[in-house]
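The values are calculated or read from the model by the stated rules, or taken from the named source; none is laboratory data. Please read all numbers here as calculations on a predicted model, not as lab measurements. Neighbour counts are summed over all protein chains in view; Cβ atoms, including those assigned to glycine, are modelled from backbone coordinates with ideal geometry.
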Amino acid sequence: MTLTLNIPDPVLRRLQSLCTDVPRAVLEGFAVESYRTGTLSCAEIGDLLGHTSSWDTQAFLAEHHAWPAPTLEEVTSDIASLHNTRVP
């Protein structure tokens, strides 16, 4: 699929001053946010970005500090673990 975005010229100039490949930067930004929100999996991010290994995808996500948002169950479990490991 090909996607066309209309970016106002002042915004485009600003983006071009920050990076040499604006379409790739937009795609990577979408990928990072999609992973953080749980919309796309790590494997899907790898496919989207054309990575040849899961290591490349994991390195990309780590470089962008992209971690999936924790679920309520994960937070509850972490809190319970902290309460159980507290030193009196």
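Do the conditions hold for ASP78, that is, is it more than 16 Å from the chain's Cα centre (by Cα), assigned to a helix (DSSP H, G or I) and without any contact (Cβ under 8 Å) to a residue 12 or more places away in the chain?
Yes.
Among the residues of region 44-64, those that are hydroxyl-bearing (Ser, Thr, Tyr) and outside any helix (DSSP H, G or I) comprise THR52, SER53.
One line per residue, one yes/no per condition, for (1) surrounded by 14 or more Cβ atoms within 10 Å (Cβ to Cβ); (2) in contact (Cβ under 8 Å) with a residue 60 or more places away in the chain; (3) closer than 19 Å to ARG24 by Cα:
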{"position": "GLU44", "(1), (2), (3)": "yes, no, yes"}
{"position": "ASP47", "(1), (2), (3)": "no, no, yes"}
{"position": "GLY50", "(1), (2), (3)": "no, no, yes"}
{"position": "TRP55", "(1), (2), (3)": "no, no, no"}
{"position": "ALA59", "(1), (2), (3)": "no, no, yes"}
{"position": "GLU63", "(1), (2), (3)": "no, no, yes"}
{"position": "TRP67", "(1), (2), (3)": "no, no, no"}
{"position": "THR71", "(1), (2), (3)": "no, no, no"}
{"position": "GLU74", "(1), (2), (3)": "no, no, no"}
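Within region 1-51, the only residue that satisfies the criterion of being of a type in the set (D, E, K, R), in contact with a Phe, Trp or Tyr (Cβ under 8 Å, 6 or more places away or on another chain) and over 27 Å from LEU72 (Cβ atoms) is GLU28.
Of all the listed residues (GLY38, GLY29), the sole one being surrounded by 10 or more Cβ atoms within 10 Å (Cβ to Cβ) and at positive phi is GLY38. Of THR20, THR39, THR2, all but one fail to be at pLDDT below 95, part of a loop (DSSP other than H, G, I, E, B) and within 15 Å of the chain's Cα centre (by Cα); the exception is THR39.
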